[in-house]
Amino acid sequence: MRRRVQTFFRYFPISERDRLWGLYLTTAGESRIPPRSPYPPPGHPGGYHCDWKRGRVLREYQFVYISAGRGVLEMGRTRWRLAAGQAFILFPGVRHRYRPHPRTGWSEHWVGCDGPVVRSLVRNGFFSPRRPVLRVREEDLLLGAFSAVIDAVHAGRPALQQVTAGATLYIMSLLYSAQQPGQAGHPSVARAIHEAMRGMADPAQPGRPLPELAHRLGVSYTWFRRMFAHHTGLSPHQYRIQIKVGRARTLLSETALTVKEVAFRSGFESEHYFSRLFKRKNGLAPGEWRRRMVPR
């Protein structure tokens, strides 16, 4: 018996509240296309139907994940062969077309979105039309995120746009992670980085030299610094500074310790350096921050 196409999708009206949120969905859906089935399934509104002969140009972004089967994507003069475990990004104003291979079909999952958040990510180089096809590393997490969007749409949850925007941003973060150098995503590397982060957050050893920490993990400091930045977006030194400043804010708000005592308990060796750094990070000197932020 020939299997039937299974598809579900929605297209959303956008309210002013949705635009003010900063990230809003235009569409979400999933399709399971058996071999030798027509593509795309009918029912998509004008402007969204992906006609193979003419291609399509969108006004927003779409993030598409292929969980089974294979197919092809074309953007301009470039063609990519797609396989299960890959995702691709469609950009506004870029003509494209894609379809599953007739011998395999495929399973696809997508969200379309727009707003200042995603446009800022593209403008700042997190995603680029020069690299629209990505190999997914953590497919279980990505599939779960797409499923969370579809479940929310099925349930018709209150503030649906805001709920699904959160899951969509998570999808983007997983796809951004997939673009990082392969070594940075290796489980043993992630464990080493997480162990280092726990060590830096340990109040009992706030001053342990970072090269010593790398040596204890069995890696060079150059490698450690580069991989740490890939995982966190911060250098180890910047990350440690944020930990110390966060600890200082907690002590200022929850204890009656003097600024000098807060500085030393947070891992700073100089009260003067601590006060100068705290003001640079928070806009207020420690004492002034305590007076303004802590209710009396």
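The values are calculated or read from the model by the stated rules, or taken from the named source; none is laboratory data. Source: prediction; values computed, not measured. Don't worry about glycine lacking a Cβ; one is built from the backbone with ideal geometry, like all the others, and counts go over all protein chains shown. These accessible areas exclude ligands, DNA and RNA; they are computed on the full protein's heavy atoms, side chains included. Shrake-Rupley method; radii C 1.70, N 1.55, O 1.52, S 1.80 Å.
For A68, the residues whose amide H sits under 5 Å from its own are G85, S107, ignoring neighbours fewer than 5 places away on the same chain, with H placed 1.01 Å from N. The amide H of L82, built 1.01 Å from its N in the peptide plane, has G71, V72, L73 as neighbours under 5 Å, considering only residues 5 or more places off or on other chains.
In deg cm²/dmol, rounded to 500, what helix-only [θ] at 222 nm does the chain give when every DSSP H run of at least 4 residues adds -39500 (n - 2.57) and the total is split over its residues?
-13500 deg cm²/dmol
Summary of the geometry: segment 1-80 and segment 83-133, compared by the centres of their Cα atoms, lie 10 Å apart.
The string of couplings for segment 88-103 from the Karplus curve (6.51, -1.76, 1.60, θ = phi - 60°) is 9, 10, 9, 10, x, x, 10, 6, 8, 7, 7, 6, x, 6, x, 7 Hz, one whole number per residue in order, with x for Gly and Pro.
Name the residue farthest towards the positive end of the dipole of segment 1-154 from the options G144, V72, F88, assuming +1 on Cβ of Lys and Arg, -1 on Cβ of Asp and Glu, about the Cα centre. Of the candidates, V72 comes out farthest on the positive side. Each of the peptides 147-155, 110-118 was scored by the mean count of other Cβ atoms within 10 Å over its residues; in descending order, highest first, they stand as 110-118, 147-155.
Of all the stretches in the chain, which is the longest one without any exposed loop site, taking GluC sites (Glu not before Pro) in a DSSP loop (any state but H, G, I, E, B) with at most 15 other Cβ atoms within 10 Å?
1-137
Between R4 and F264, the modelled labels are 7.6 nm apart [label points 7 Å from Cα along Cα→Cβ].
Largest mean-square fluctuation among T255, T104, T26, in a Gaussian network model of the chain whose springs join Cα atoms under 10 Å apart, belongs to T255.
Among H49, H96, H215, the largest mean-square fluctuation in a Gaussian network model of the chain, built with springs joining Cα atoms closer than 10 Å, belongs to H215. Here segment 69-201 is assigned +1 on the Cβ of each Lys and Arg and -1 on the Cβ of each Asp and Glu. Its dipole about the Cα centre then comes out at about 680 debye.
Might you report the magnitude of the Cβ-based charge dipole of the chain about its Cα centre, with Lys and Arg at +1 and Asp and Glu at -1, to the nearest 20 debye?
Here the size comes out at about 740 debye.
So how much slack lies between R59 and S253, counting 0.36 nm per residue of separation and subtracting their Cα-Cα distance, in nm?
65.1 nm
So which chymotrypsin sites (Phe, Trp or Tyr not before Pro) in segment 114-166 end up in coil per DSSP with only 15 or fewer other C-beta atoms within 10 Å?
Details: sites: F126, F127, F146; in loops: F126, F127.
Counting only loop positions with at most 15 other Cβ atoms within 10 Å, the chymotrypsin sites (Phe, Trp or Tyr not before Pro) in segment 114-166 are F126.
The figure for Y48 is an accessible area of roughly 40 square angstrom, using a 1.4 Å probe on the protein chains alone. Under 5 Å between amide hydrogens, built in the peptide plane, is the criterion, and for V94 it picks out L58 among residues at least 5 positions away or on other chains. Loop-resident trypsin sites (Lys or Arg not before Pro) (DSSP state other than H, G, I, E or B) in segment 194-285 with no more than 14 further Cβ atoms inside 10 Å of their Cβ are absent.
For the chain, the relative contact order works out to 13 percent when only alpha carbon pairs closer than 8 Å and six or more residues apart are counted. Restricted to Cα atoms, the chain shows a radius of gyration and a Dmax of 24.3, 78 angstrom.
Go ahead and set up a Gaussian network model of the chain, Cα springs under 10 Å, then flag whichever of A145, A285, A178 fluctuates most. Comparing A145, A285, A178 in the GNM, the peak value goes to A285.
For trypsin sites (Lys or Arg not before Pro), the sites in segment 104-153 that DSSP calls loop and that have at most 12 other Cβ atoms within 10 Å are R130.
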